[in-house]
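Note sheet for the following structure.
Bear in mind that the values in this text are calculations on the coordinates, not laboratory data. Note that the coordinates shown come from a computational prediction; the quantities given were computed from them, not determined experimentally. Every residue, glycine as well, gets a Cβ built from its backbone with ideal geometry; the counts of neighbours run over all protein chains shown.
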Amino acid sequence: MRRIKKIFIRELSDNELSYLDELGKYDNILSTTMLISQNQGGIDTTGRGVRASKVFTRQTLTGMSLRNILPYPSKYKHQAEESWDIGSIALLSRNIMEGYVSLYYYGIENVTEEDAELRFFLLQYHRNREWYQIRQKSGKNDSDLDEFTNVLEEQKKRIRDHPYISSLTKIQKDKVLQGYEIYKTKADLEKENKICLGLKLDYQLLSNLAHPLPLSIERMDNKKGRGIGNEIDINYCILALNIAQKYLAASTLGFTDFFYDQLGKKFKNALDEIRPFIS
């Protein structure tokens, strides 16, 4: 007589059920993000619009990568079958937050032409300086480096002499003159953009969870921080997922509001469903 294999069933904890509820919300936001990303091609726009489109594409990919590593607990699976990798989840959630800031700063924020030009010059300089340093430190004989140095000096002077610098605060001026990619501080963004309220705190929390040291290992014990579905790590995953929800929704809505005639109007119903996540 054949034995009938008993089906494994377990009770999900309240935290697991709460997490699954938040995961469903994230899936809805990501689906809308992917829908917009697939329909953004061919829009005639300015340089800032092109950069916004590129950042938005990057946001879509990061959102998909986060979804690929998010656990999916089930009453038909042992708890140990899911990996609650809070460090990686926090890192990708932080990338989505940073992506929104880049999208806003380089693409969709309503700024003057002078301000937009300075931001573009800074972006160019920062990019070229990074490539220069990478090539220089690689130790390879690169005949273009001398010419690269001259280009960087010209770009630095163009930034230093830019008329819009006089409109900035001292902290912002210092960031410009030091060649920072973004001259606005997190405090500036929190003050100017209601979506960014809590940006500093959320960034610090996600960074401490993502970094190898110190919080991420100091909070480890026989259960916490080891990928096991304990209640504390599930709570951290919910928190990281909430932050990702907010900034991915803000990216999608900000991008489509910027291109309202081409995208916002066409996909209004789907976009209205995710709008509550930024309120």
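Listed values, structure above:
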{"read-out": "Extension reserve of the D27-K77 stretch, reckoned as 0.36 nm per residue once the Cα distance is removed", "value": "15.9 nm"}
{"read-out": "Binned Cα-Cα distance frequencies in segment 111-184 - 10 Å width, integer %", "value": "19, 48, 23, 9, 1"}
{"read-out": "Principal semi-axes in Å for the chain [√(5λ), Cα gyration tensor, largest first]", "value": "40, 24, 18"}
{"read-out": "Cα centroid separation - segment 1-58 against segment 156-186, whole Å", "value": "38 Å"}
{"read-out": "Burial ordering of F8, F277, F258, fewest other beta-carbon atoms within 10 Å first", "value": "F8, F277, F258"}
{"read-out": "Count, lysine Cα pairs under 23 Å in segment 111-184, 8 or more residues apart or across chains", "value": "12"}
{"read-out": "The chain: DSSP helices with Cα axial extent of at least 18 Å and average Kyte-Doolittle hydropathy no lower than -1.0", "value": "14-38, 47-69, 86-103, 231-258"}
